[in-house]
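For reference, the structure I am asking about is given below.
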Amino acid sequence: MLLPLLAFVLGCIAFTILGLILLSYVPSLRLTLSNLVVFVAGAFVAAPAFLFIYGKIFARNQLSDAAFVGIFPILLVGGASGGALLVWLKLRFVKGQRVKPPAGSQN
C-alpha cells in the first residue's frame, strides 16, 4: 500500500521538475500552472506506455541488468514526450480567454 503511494509521489515530483525545465526552455510551450498540470497528467499516461513497449522489446523472458538500467531513462523520455505532446495539443486546440480592456480605456 505504501510503495505505490511513494512511487506516485516521486513520479509527481520528478515529472513536475521535468515539466518546469521543459516548459521554461521550449519557446512554443508556455510555463503556466495549467500547462504544468497538463504536462504531469500527460507524463503519467505516456511513461507507463513507453515502459511497456520497452519491456516488450528488451525484457522478453527476464529483466537483465542492462535492461533494468534503461528503465529510468525510458520513463523520463516517455514522460517528457507525453507531457510535451499533451501541452502542445492543449495550446493548439484550446482557445485561451482574452482579457477585455476596462471600459473607457483606449487602445
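The values are calculated or read from the model by the stated rules, or taken from the named source; none is laboratory data. None of these values were measured; they are calculated from a predicted model. No Cβ is skipped: glycine too gets one built from the backbone with ideal geometry, and neighbour counts run over all protein chains shown.
Just for the range 75-100: of the residues that are hydrophobic (A, V, I, L, M, F, W, C) and in a loop (DSSP other than H, G, I, E, B), which one is modelled with the lowest pLDDT?
Top of the filtered list is V99.
When you look at P4, is it over 12 Å from the mean Cα position of the chain (by Cα), exposed (fewer than 12 other Cβ atoms within 10 Å of the Cβ) and not in a helix (DSSP H, G or I), yes or no?
So P4 does not fit the description; no.
Going by the structure shown, is L10 under 19 Å from L91 (Cα atoms) and part of a helix (DSSP H, G or I)? Even if it seems obvious, please write down each step before you answer.
Working: under 19 Å from L91 (Cα atoms): no; part of a helix (DSSP H, G or I): yes.
In short, no.
Would you check which residues across the range 14-33 are assigned to a helix (DSSP H, G or I), without any contact (Cβ under 8 Å) to a residue 12 or more places away in the chain and surrounded by 11 or more Cβ atoms within 10 Å (Cβ to Cβ) and list them? Let's see the steps before the verdict.
Looking only at the range 14-33, we keep the residues that are assigned to a helix (DSSP H, G or I), and these are 14-25, 33.
Now narrow it down to the ones that are without any contact (Cβ under 8 Å) to a residue 12 or more places away in the chain: 17, 21, 24-25, 33.
Once the filter is applied, which keeps residues that are assigned to a helix (DSSP H, G or I), without any contact (Cβ under 8 Å) to a residue 12 or more places away in the chain and surrounded by 11 or more Cβ atoms within 10 Å (Cβ to Cβ), the range 14-33 yields I21, S24.
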